[in-house]
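Engineer: Got a structure for you, written out below as structure tokens; questions coming shortly.
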Amino acid sequence: MIKISPSLLAADFTKLGQEVDSIKSADLLHFDVMDGIFVPNISFGLPVLRAVRGVTKLPLDVHLMITKPINYVERFCEFGADMVTIHVEADEPENIRSALLKVKALGKKAGLSVKPATPIRAVEPYAELLDNILVMAVEPGFGGQSFIMGAVDKIAEAAEIAARLGRACDIEVDGGVNPETGRLCANAGATALVAGSDVFRAADRRARIELLRGLK
Ligand code: DX5
Ligand code: ZN
């Protein structure tokens, strides 16, 4: 079965505790951090992560859409992240490698993400460090966008890289995921789906999570 990681970006922030509780049947909780530089939007950061950590047992899947993530990955681990995924476009290669190593040194899972225009081969030099390859199916920065079909082939390529590793490495997809696009992702080899609007707009979130999880 595919893992479901609801994106908190689509939650009602005036009642965050209840919103987190409403998706507790999920496998992970996706936490989107935006710095207004790497992406043209600002979301939330460390204090909110700490608060969320205090009210859920779900593994926290932190997606850093920030420049120079090397400067922040350790704090995100300390504040409660179980997995930290950074962007390959966010810094020079040696700093990307160091940032991933810092996450691993703290005993957390490390992930690397590619924007829609970045080829999947960009993650290959870091493959041996990765627990997660995050394929963006929208331009990062905003929830509620439409799925870019080019992501499907990238998922298949990422799955080949993961298979060559001979150990567990998730292939996660983020952006525009719904039952229809999610099925394409699952068939292409995705092992985890991020879903913001689709889960949080559902009248019955538990049922929606179950439906998405049943796509594979
Ligand atoms: C976009 C974020 C996504 C976003 C997905 O920059 O990384 O995680 O919340 O939202 P939906 O599922 O609504 O496309
Ligand atoms: Zn995300």
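The values are calculated or read from the model by the stated rules, or taken from the named source; none is laboratory data. This one's a predicted model, so the numbers in the text were calculated from it and none came from an experiment. Glycine gets a Cβ as well: all are built from the backbone with ideal geometry, and neighbour counts include every protein chain shown. Please note that ligands, DNA and RNA were not included when accessible areas were found on the heavy atoms of the full protein model with its side chains. Shrake-Rupley method; radii C 1.70, N 1.55, O 1.52, S 1.80 Å.
Engineer: If amide hydrogens are placed 1.01 Å from N in the peptide plane, which non-local residues have theirs closer than 5 Å to the one on Ile171?
Structural biologist: Ile133, Thr191, Ala192
Engineer: Can you give the % of DSSP beta bridges in the chain that are antiparallel, to the nearest 5? All intermediate terms of the calculation are to be shown ahead of the outcome.
Structural biologist: Numbers: 1 of 32 bridges.
Roughly 5 percent of the DSSP beta bridges within the chain come out antiparallel.
Engineer: Give the carbon-plus-sulfur fraction of the accessible surface of the chain in %, rounded to a whole number; probe 1.4 Å, heavy atoms of protein chains only.
Structural biologist: Values: 4900 of 9330 Å².
Using a 1.4 Å probe with all protein chains present, the chain comes out at 53 percent carbon and sulfur.
Engineer: Which trypsin sites (Lys or Arg not before Pro) in the stretch 70-174 sit in a loop by DSSP (not H, G, I, E or B) and have at most 13 other Cβ atoms within 10 Å of their own Cβ?
Structural biologist: Values: sites: Arg75, Arg97, Lys102, Lys104, Lys108, Lys109, Arg121, Lys154, Arg164, Arg167; in loops: Lys108, Arg167.
Listed in order of number, the matching sites are Arg167.
Engineer: Right, here's the next one. Using Cα pairs closer than 8 Å and at least 6 residues apart in sequence, work out the relative contact order for the stretch 3-213, in percent. Intermediate results must be reported in sequence, preceding the final value.
Structural biologist: On the way: 442 pairs, mean separation 41.9, N = 211.
Relative CO of the stretch 3-213 lands at 20 percent.
Engineer: Considering only Met149, Met65, Met83, give the residue with the highest GNM mean-square fluctuation for the chain, with springs between Cα atoms whenever their separation is below 10 Å.
Structural biologist: Answer for the Gaussian network model of the chain: Met149.
Engineer: Here's another thing I want to ask about it. At q = 0.09, 0.12 Å⁻¹, what log₁₀ I(q)/I(0) does the stretch 1-147 have when each alpha carbon counts as one equal point scatterer in the Debye sum?
Structural biologist: Taken in order of the listed q values, log10 I(q)/I(0) reads -0.25, -0.45.
Engineer: Quick one: compute a quarter of the convex hull surface over the Cα atoms of the stretch 108-154 and quote it in nm².
Structural biologist: In nm², the orientation-averaged hull projection of the stretch 108-154 is 3.8.
Engineer: Another one. Quick one: check the C-alpha center-to-center distance for the stretch 89-145 versus the stretch 1-62, whole angstrom.
Structural biologist: 18
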